[in-house]
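Only one structure is covered here, and it is reproduced in the block below.
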Amino acid sequence: MKVLFLAAEATPFVKVGGLADVAGELPRALTALGVDVRLCLPFYPSIRKAGFETRPILDLSVRRRDGEIPASVHQLERQGLCVDFIDSEPVRSDTSIYGNTRQEGKKFTLTSLAALQTCRALDWKPDIVHANDWHTAAAIVWLTRNRESDFFWQDAIGLFSIHNLAYMGAGTENVLTDFGLPPVKDSRLPDWSRHRPLAMALSQADWLSTVSPSYAGEIQTAEFGYGLETLLRARRKRLVGIVNGIDTQVWNPALDEALPVNYSADDLAPRREVKRALQEQLGLAADEAVPLLGMVTRLDQQKGVDLALEALELLGEESWQFVLLGTGAEAYERQAQDFGEAFPERVRVVLRFDAPLARRIYAGSDALLVPSRYEPCGLTQLIAMRYGCVPVVRETGGLKDTVTPYGRDRGTGFLFKSADAQSLAAVVREALGVYRDSTKWKRLQLRCMAQDHSWQITARQYLQLYERAAADRSHA
């Protein structure tokens, strides 16, 4: 099985969001299962500066309406995985990964089409072209439109993965047309979407996947479908939800060097020292009896930061401490700062990216708040459980699929349904009540830590999907 895996970001080369974790770790897990995977990324200036030992292997050009655009391919092998980086002027001239809409469309479309050309030039025939999010949609659209007349690609299958349906590539529509990919003619799509990259790929791909079963169902509804729900309902038999994983060696409290002491499910006692050290670092009272609530997140409307702050304000009479780490929209940052100033004795707001502190929050907090208004999958709740930090989550998307409600000797966290502060406050109050019984809380922590959300499980499910897609096409 040969798989061309396309993404805009992947660890350890470049990371902006959760897509990087998926694109960096899933291909490695697939490789361990015997799949021949080539990961393809733009050769961003930041990757060049990082000093990865790449070697040039190929020069090519991509046809555009106003002429050919030269590109080159640089390659490295890392932990058994082959990685191709596409270099070209549109990639070099954009100093940011995301943000410059017109430039994004040009560099991502060129990279996607150059990746397909690379396969042909090296005579490496993928069984599956696995594209991720709108940035790589052009590869799926080109493949579907040219496969029948192109012997090299005639057996290839296009799989398109949705990591967040809200991001469709708006503002880049005319770029695909410039590269010879005009709008799709699909009556299941609203007119405004037929030339947006993500919608085009949803229409054209042989198979679709997204990052949790519940999110796969949610995006077929008007509430979460962003106008594309009619198409997604029509394609539901070709839409599969597979929960993301985490690297259980990278996220391991027994080995984590960011922690003052290490611990495991076999010896949870040192975790109290991690909490105490975190409280002291933050300037909070180092009191084991006071539950410490954590939140590591992007500060925006999706993540429900405002719900968390309003809910905690409703719980002013309860005993709790709270630490928030993250950056995002100015309005939410200001609201968080105001909240911290209103509760100086028990709230700390840290508005920056700080990976070591994030690890100490997972390891030292008693519970993690994840009140997302929607969440395709979510990784923070998976990491929190790995560290014995009990998740308090909204019952949506991947949160619903990975956290089971607390009950007598069962469950791994606390869930609430309605996206409002009152509902969140009620479930936090329930969690605080359980925390006061140390025996029950420890059992809950151990159940969390016993969960297996490793990439090996996710990779096996993707391999099954690849094999299913291949068998389906062979019988077509």
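Computed from the coordinates by the stated procedures, all read-outs in this text should not be read as laboratory data. Predicted model, so just to flag it, every value in this text is computed and none were measured. Note that each Cβ is placed from the backbone with ideal geometry, even for glycine, and that neighbours are counted across all protein chains shown.
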note = Honestly segment 107-231 on the Cα gyration tensor test (a ≥ b ≥ c root eigenvalues; a/c under 1.5 rounded, otherwise a/b vs b/c for prolate or oblate) is just prolate
note = Gyration tensor on Cα atoms of segment 372-429, a ≥ b ≥ c root eigenvalues, a/c under 1.5 rounded, else prolate if a/b beats b/c, else oblate, says oblate
remark   = Ranking S187, Y374, L41 by how far each Cα lies towards the positive end of the charge dipole of the chain (+1 on Lys and Arg Cβ, -1 on Asp and Glu Cβ), the top one is S187
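Where does each of M295, M449 land when they are ranked from fewest to most other beta-carbon atoms within 10 angstrom? Don't skip to the answer; put the middle values down first.
Numbers: M295 27, M449 19.
By the 10 Å Cβ count, ascending: M449, M295.
Any idea what the relative contact order of segment 271-452 is, in percent, if you count C-alpha pairs under 8 Å spaced at least 6 apart?
Values: 337 pairs, mean separation 39.6, N = 182.
Across segment 271-452, relative contact order equals 22 percent.
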inquiry  = Neighbour counts of other C-beta atoms within 10 Å: give me R394, R120 arranged from fewest to most.
reply    = R120, R394
ask   = Under a 5 Å amide H to amide H cut-off, with H placed in plane at 1.01 Å, what residues pair with L299 once short-range neighbours are removed?
value = T327, G328, A329
Charge-dipole axis of segment 271-452 as Lys and Arg at +1 and Asp and Glu at -1 on Cβ define it, positive-most pick from A425, L444, F339 = L444
task = Quick one: grab the alpha carbon gyration tensor of segment 271-452, order the square roots of its eigenvalues as a ≥ b ≥ c, and give me rounded if a/c is under 1.5, else prolate or oblate depending on whether a/b is larger than b/c.
result = rounded
query = Could you state the number of Å between the C-alpha centres of segment 102-156 and segment 23-96?
reply = 13 Å
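For I57, I361, which order do you get if you count the other beta carbons within 10 Å of each Cβ and list the fewest first? Can you show the working numbers first?
On the way: I57 13, I361 28.
Lowest count first: I57, I361.
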key: Table column - 3J(HN,Hα) (Hz), segment 160-171, Karplus curve with 6.51, -1.76, 1.60, x for Gly and Pro   = 10, 9, 9, 9, 7, 5, 5, 9, 10, x, 4, x
message = Can you compute 3J(HN,Hα) from phi for each residue in segment 411-418, using the Karplus curve 6.51 cos²θ - 1.76 cosθ + 1.60 with θ = phi - 60°, rounded to whole Hz and x for Gly and Pro?
response = x, 10, x, 10, 10, 9, 8, 7
ask   = Short version: ³J(HN,Hα) in whole Hz for each residue of segment 255-270, in order, from phi by Karplus 6.51 cos²θ - 1.76 cosθ + 1.60 (θ = phi - 60°), x for Gly and Pro, what are they?
value = 10, 5, 6, 6, 8, x, 9, 9, 7, 8, 5, 6, 9, 8, 4, x
